[in-house]
Structures are given as C-alpha cells and as structure tokens.
Amino acid sequence: MSLDGSERPTKISRGRLDGVFGFDFTPDGRLVFQTLEVGRLDLAVMNLDGSGKQRLTDDEEGDRYPRVAPDGRIVVRTSTEAGFRIRRMEADGSNPEFVVDGLQWGRPAITPDGEWLVYEALIEGVPKIWRVPLDGGEPELVIDRFSSLPVVSPDGKRIAFYYRDSDEDDFMIGVATFPEGELLSSRDSEAAYGGSMLRWTPDGEALLMNTVPSDRANLWRLPLGGGELEKITDFADRRLYWFELAPDGETLVVARGELSRDAVLIKDFQ
C-alpha cells in the first residue's frame with residue numbers, strides 16, 4: 001500500500017502466516033519473508049507484486065525475523081535443540097553460519113552500514129540489547145537495562161527500543177546513543193507484545209510503531225521532537241504483526257491477521 005493511503009492495499013501473498021514473523025527488503029527491491037512450509041517456518045523471497053516466489057531455506061530449524069544487510073546477506077533467528085541462535089547466510093540462502101550461539105532470545109537488527117548485528121538477549125531472566133560484528137566476533141553490551149526490540153537510526157548514531165526499569169514500572173520507548181547506550185529521550189508506551197515493532201522514518205525525525213493504547217491494528221508515527229502520535233493506516237480489525245517501509249520511502253508492506261491458539265489439558269500420565 002502507499003504510505004499516504006492514496007491507493008487501496010494490494011494483497012501480495014496468500015500463504016498462511018506469511019510475514020507474521022518478519023520480512024525485509026533486498027537491495028534489488030524484492031522481499032525476503034518468513035513463510036510456513038511443510039509444517040515449519042522457513043524463509044522465501046519474492047517480487048514485491050507477489051510473483052517469483054522461491055524458497056531460501058529448507059531445514060528443521062524454525063526461521064523467524066529475517067533482516068537483510070546492504071550487501072544482500074541475510075540474518076535470521078533460528079530455533080534449534082540448543083536454543084535460539086542467529087544465523088547468517090548469503091542472499092540465495094547458501095553458506096549458513098551461526099553468528100551468535102546459545103541465545104535464550106533474540107530478534108536481530110542490522111546497522112545501516114552493514115557492519116553490526118544488534119539483538120536482544122535474555123541473560124539471567126533480563127532482556128538486554130547487544131551488538132556483534134556481522135562477520136562474527138565477541139558480543140558487546142549496548143543497553144544495560146531491561147530492553148528489547150532494538151532498531152538503529154538511518155545515520156547509525158542512535159538506537160530506539162522498548163524498556164522499563166523494573167517489573168513494577170510501565171514500559172517506555174527510549175532513544176539512546178549508539179553504540180554508547182546513553183539515553184537521550186523517552187516516551188510512555190503500552191507494554192510491548194509479540195507483534196510490537198519500532199522503525200525509524202527515513203529522515204530520522206520520528207519512529208513508526210504499532211502498539212498504542214486500544215489499537216494494535218494500525219501504524220502510527222511518533223515524532224521525536226515532541227508532538228502527538230499521528231495515525232498512518234486506517235485498519236478497523238486484525239492485528240498488525242509486521243511492517244516495513246520500502247526503500248522508496250513511499251510504499252508500506254504489512255502483515256496482518258489473527259493468531260488463534262488452543263489450550264489442552266493433559267493429566268493422569270507418567
């Protein structure tokens with residue numbers, strides 16, 4: 001859909017759960033996205049009109065939250081018997097290598113220069129934000145507080161994230177220097193949930209977000225210089241699970257829907 005709402009949204013995928021757990025743009029304008037194939041989560045790539053779909057991964061590891069570096073390489077969080085790990089691969093899915101191992105959690109981001117992988121990790125029960133060279137190396141702590149869902153600004157000098165100072169405190173949206181982690185500003189926020197996201201506008205003057213009071217169906221613009229939230233989309237139902245602004249700065253791609261789960265009670269077994 002167009003960011004200004006001048007055109008009706010066009011459906012580009014009909015696969016079940018396509019993009020709910022993430023997608024990103026390749027340097028040539030295609031879409032790398034999570035898809036549900038043969039009962040597990042894999043990665044696929046397609047043109048922005050939905051044509052030319054191709055599988056990129058086909059293994060037992062569940063792939064979520066893909067991010068694409070400026071050189072076309074892809075990082076993705078995978079679920080393995082050893083826990084969550086972040087894996088790097090070439091643009092065609094070849095040569096997969098683990099960048100960060102032994103995670104308890106992690107949703108990756110890549111700095112605009114493609115040098116650093118930024119992610120959240122649950123350490124001793126507390127999520128914090130770290131960075132590690134995309135080519136591999138020792139992780140470095142960036143935000144030393146309860147923090148999650150990091151995204152680095154277009155100029156690479158700031159980082160936005162959700163945080164709170166204790167279990168009793170409300171959630172906040174913070175902006176800090178990168179990589180020093182010095183908090184520059186903060187705004188009140190609703191508690192983050194599984195589909196919560198933050199993205200920078202291309203000019204670095206605002207954040208795009210999908211978690212506001214009484215509305216998880218729409219995209220909102222949060223000015224960083226002060227001012228009220230501005231509603232971007234006008235959806236009346238379903239949750240907005242993932243969104244990305246295309247490189248042209250005018251096209252918005254979203255994954256919407258409902259996730260239904262059942263609870264099953266099992267008792268009297270050994």
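The values are calculated or read from the model by the stated rules, or taken from the named source; none is laboratory data. Owing to the predicted nature of the structure, the values given are computational and were not obtained by experimental measurement. Counting neighbours? That spans all protein chains shown, and the Cβs are built from the backbone with ideal geometry, glycine included. Ligands, DNA and RNA are excluded from the accessible area calculation, which covers all protein heavy atoms including side chains. Shrake-Rupley method; radii C 1.70, N 1.55, O 1.52, S 1.80 Å.
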Being touching a strand residue (DSSP E or B) at 6+ places or on another chain (Cβ under 8 Å), β-branched (Val, Ile, Thr) and in a strand (DSSP E or B) is the requirement here; does Thr57 meet it? no
Could you give me the residue pairs with C-beta distances under 7 Å whose first residue belongs to region 185-204 and is within 13 Å of Gly225 (Cα to Cα), whose second residue is β-branched (Val, Ile, Thr) wherever it lies, and which are 6+ apart or on separate chains? Ser185/Val175; Ser186/Ile173; Arg187/Ile173
Do we find that Ala160 is open to solvent by less than 50 Å² (accessible area, probe 1.4 Å) and more than 16 Å from the chain's Cα centre (by Cα) in this structure? no
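Test Arg73 against the criterion of being at pLDDT below 95 and within 21 Å of Pro139 (Cβ to Cβ), and give yes or no.
Working: at pLDDT below 95: no; within 21 Å of Pro139 (Cβ to Cβ): yes.
For Arg73, the condition - at pLDDT below 95 and within 21 Å of Pro139 (Cβ to Cβ) - is not met.
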Can you give me the number of residues within region 251-268 that are modelled with pLDDT of 90 or more and either of a type in the set (S, T, N, Q) or surrounded by 12 or more Cβ atoms within 10 Å (Cβ to Cβ) (or both)? 6
Looking at region 173-184, can you tell me whether even one residue there is under 21 Å from Gly22 (Cβ atoms) and under 20 Å from the mean Cα position of the chain (by Cα)? yes
The number of residues in region 22-43 that are within 18 Å of Tyr241 (Cα to Cα), modelled with pLDDT under 95 and hydrophobic (A, V, I, L, M, F, W, C) is 2
Please find, within region 134-152, the residue that is surrounded by the most Cβ atoms within 10 Å (Cβ to Cβ) out of those that are under 14 Å from the mean Cα position of the chain (by Cα) and more than 15 Å from Leu122 (Cβ to Cβ). Val152
Contacts under 7 angstrom Cβ, first residue in region 156-178 being without any contact (Cβ under 8 Å) to a residue 60 or more places away in the chain, partner part of a loop (DSSP other than H, G, I, E, B) and of a type in the set (A, V, I, L, M), 6 or more apart: Tyr162/Ala192; Phe171/Ala191; Phe171/Ala192; Val175/Leu224
Of the residues in region 106-129 that are without any contact (Cβ under 8 Å) to a residue 24 or more places away in the chain and open to solvent by 60 Å² or more (accessible area, probe 1.4 Å), the one that is farthest from the chain's Cα centre (by Cα) is Glu124
Spot the failing condition for Asp71; the list is (1) touching a Ser or Thr at 6+ places or on another chain (Cβ under 9 Å); (2) open to solvent by 50 Å² or more (accessible area, probe 1.4 Å), and only one is missed. (1)
Within region 229-249, of all residues that are at pLDDT 90 or above and acidic (Asp, Glu), the one surrounded by the fewest Cβ atoms within 10 Å (Cβ to Cβ) is Asp234
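In the set Phe21, Phe33, which member is closer than 12 Å to Ile74 by Cβ, out of contact with any helix residue (DSSP H, G or I) (no Cβ under 8 Å at 6 or more places or on another chain) and buried (at least 20 other Cβ atoms within 10 Å of the Cβ)? If you could, list the steps in order and put the result at the bottom.
Values: Phe21 fails: closer than 12 Å to Ile74 by Cβ.
Answer to the selection: Phe33.
If I go through region 74-83 residue by residue, how many of them are surrounded by fewer than 22 Cβ atoms within 10 Å (Cβ to Cβ) and either free of Cβ contacts under 8 Å to residues at least 12 places away in the same chain or charged (D, E, K, R) (or both)?
Keep residues of region 74-83 that are surrounded by fewer than 22 Cβ atoms within 10 Å (Cβ to Cβ), which gives 79-83.
Adding the requirement that they be either free of Cβ contacts under 8 Å to residues at least 12 places away in the same chain or charged (D, E, K, R) (or both) leaves 81.
Summing the residues that are surrounded by fewer than 22 Cβ atoms within 10 Å (Cβ to Cβ) and either free of Cβ contacts under 8 Å to residues at least 12 places away in the same chain or charged (D, E, K, R) (or both) in region 74-83 gives 1.
Scan region 36-68 for residues that are on the phi > 0 side of the Ramachandran plot and open to solvent by 40 Å² or more (accessible area, probe 1.4 Å) and report the count.
Of the residues in region 36-68, 3 are on the phi > 0 side of the Ramachandran plot and open to solvent by 40 Å² or more (accessible area, probe 1.4 Å).
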